[in-house]
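Each remark here refers to the structure printed beneath this line.
Just so it is clear, none of the values below were taken in a lab; they were calculated from the coordinates. Because the structure is predicted, anything quoted here is derived from the model rather than measured. Glycine also receives a Cβ, built like all others from the backbone with ideal geometry; neighbour counts cover every protein chain displayed.
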Amino acid sequence: MLFRGLTAPRCAASIFCGVVLACLPTASPLWLLAALLIILTRTHIPAVLLAWCAGSLLAVPLSACYTQAGEAVLRAHTAFWSAIFQLPVICYLELHRARVMGSVVCGAIAGAAAAVASLLAFFFWRLRHPVRTEAL
Amino acid sequence: MKIIRWPAVAVLSLALLIGFFWMGHSGDEIVRRNLESFGSYELNTLFKVGAVDLSVYESYLHVENITVMDPGQRGRPLFTAQHVHLRADIASFFERRAGLQEAHVEQAAARILQTRHGRFVFLSDTARAMLAYEPMAVRVRRIMSWAAHQINPLAIAGVVAPHLGRDIAAPPATPAARSPEFRLPAGMRRPEFFLNLLTISNCTLELVPHGGADPLPVHGLRGYCTGISSMPRAHDQPVTFAAFGYLGAGTEAWIAAAGEVDFRAGVTNITVDFAFSNVLLRSVLPFARVYTRFLDNLNVQAGTLSARGRVALREMIVQPSLIDVRVDGLTARAAGFVNELAWLNMLAISNTSLAIQVPLDSTPPYVHMDTALKEQKVQTQIENFELRINVRDLQQNFLKGIQDLRIQ
């Protein structure tokens, strides 16, 4: 019942969103924006919640890398990021902080990996359980 | 458009609409209470607000009857304003800045006190002594924190233990060095607060001279100021201003000033054009008493002062200019001068006019009255001149002072 209407791309997108949400600092402006986007877009909410729970476990070891990853990204293109972070609305997201930027980067990588894994799992499951079409 | 969850969008939009509607109709009282508590806390004195009219849609806030009480004198207001109208700059909100398109202050009144050193301040010495520069709540919290630390058994053990001889040999535990989180510095510095246009109308400043003399009101003040910001050096426009008002109650004396203050590009350029006319000398003399006793000894009975000129500073260096000063209807009887100026004690003038072009430049004392006299840029019309000479003084070379000053 809970996973009715769940297609492979939708499942992958929902898992990606759930994992990213789990990695972001809770209740931060960036987290609220992500949550709002998840609600407003047609993601699969139970899948998102499931991915969030799994992502929260994944975030425990990942959080040690946030600062280093964020610092590396920010230092790579300082002028570019400075210009970006002064844009309206984006300036509220506190992405100039290495830890926040790192959580986005690590969350996006982990979420993308989880989404790809879910797509592959879906693909192989479909290989074993092909859809039977009615003979015309 | 199948990726959008339209019911959620509709619910969110409805919630926003209800929020706007609620703020427009029921938020005034909440804003008023918050404004009062915030103002009282920040100023550490009683801050009262009459009516508040807030419009989120039109992004303005209208406040009536603002009163800031003087912490030094109970019951006396430090600042009052009948109407204050603020219009916000919504675009700056999205840039995480507080911006106001315009602010209008009407029928405001404030008292400015002259200190014994000649400075003009809003708060009296008594009020400044009473005012805790740290708000009460913060002070209480700090004292409580200090007291809690003093009676904390763990902290006491930490202090006492080394003296018991157990941990003396052990190296002191140093906290693990923790590097601060890296934060990308802001690229382009922008002021966090700015006000594009401030206008005032029908305002009053009550100038109180040091020593308890009668205050001098500057009333009917109106004018504008543009380009106010919390970071003038990083703002995109200079500060410009113009003001006009009347000096003294029931007089025709007026003052006007206009100018530009430019802090941009790391330089400080200031230009001020000013003029005042028919200012009663007796009303401004109490203010001059702090700086010099010379004018007191002149015993000015009547007279008006007018002046106009330009003061320009380029990179904080005064640029040469001329100030036109005119004194009309001067009536004075000198007394109390000593030493070389003793001869002035014999001087009494009435209904005298004096016009001087005083040079202004970058060499101290900046205003060169002596140069004006040397260059004979003085026009005077003396009537009823009286020089009282005591014949007994003739043998004592009483004109020595006059001869030394080479007055002819």
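Side notes on the structure shown:
- Table column - 3J(HN,Hα) (Hz), the stretch B:73-87, Karplus curve with 6.51, -1.76, 1.60, x for Gly and Pro: 10, 5, x, 9, x, 8, 8, 10, 8, 6, 9, 10, 10, 10, 10
- Per-residue mean of C-beta atoms belonging to partner chains within 10 Å, peptide A:93-102: 3
- Point-to-point label distance, B:R96-B:Y224, nm (Cα→Cβ direction, 7 Å offset): 3.3 nm
- Expected-Rg normalisation [2.2 N^0.38 Å, Cα atoms] applied to the stretch B:1-65: 1.60
- Using a Förster distance of 22 Å, the FRET efficiency for B:Y366-B:A265 (Cβ separation, nearest 0.05): 0.30
- Computed over the Cα atoms of chain A, the ratio of the radius of gyration to the Kirkwood radius (Rg/Rh) comes to 1.08.
- With semi-axes defined as the square roots of five times the eigenvalues of the C-alpha gyration tensor, the equivalent ellipsoid of the stretch A:1-76 measures 25, 13, 11 Å, largest first.
- Positive-end ranking of A:H96, A:P61, A:S28 along the dipole of chain A, with charges on Cβ about the Cα centre, is headed by A:P61.
- Residue exposure sequence - B:S13, A:S63 - by fewest surrounding Cβ within 10 Å: B:S13, A:S63
- The spacing between the stretch B:194-266 and the stretch A:26-40, judged by their C-alpha centroids, is 47 Å.
- Chain A - mean residue ellipticity at 222 nm from DSSP helices (-39,500 (n - 2.57) per run, n ≥ 4, rounded to 500): -23500 deg cm²/dmol
- Peptide B:84-97, shielding by other chains (average Cβ, 10 Å cutoff): 2
- Ranking of B:V279, A:V19, B:V31 by count of other Cβ atoms within 10 Å, fewest first: B:V31, B:V279, A:V19
- Amide H to amide H, with H built 1.01 Å from N, B:R289 comes under 5 Å of no residue 5 or more places away or on another chain.
- Residues B:F194, B:F38, B:F337, sorted so that the one with the fewest Cβ neighbours within 10 Å comes first: B:F38, B:F337, B:F194
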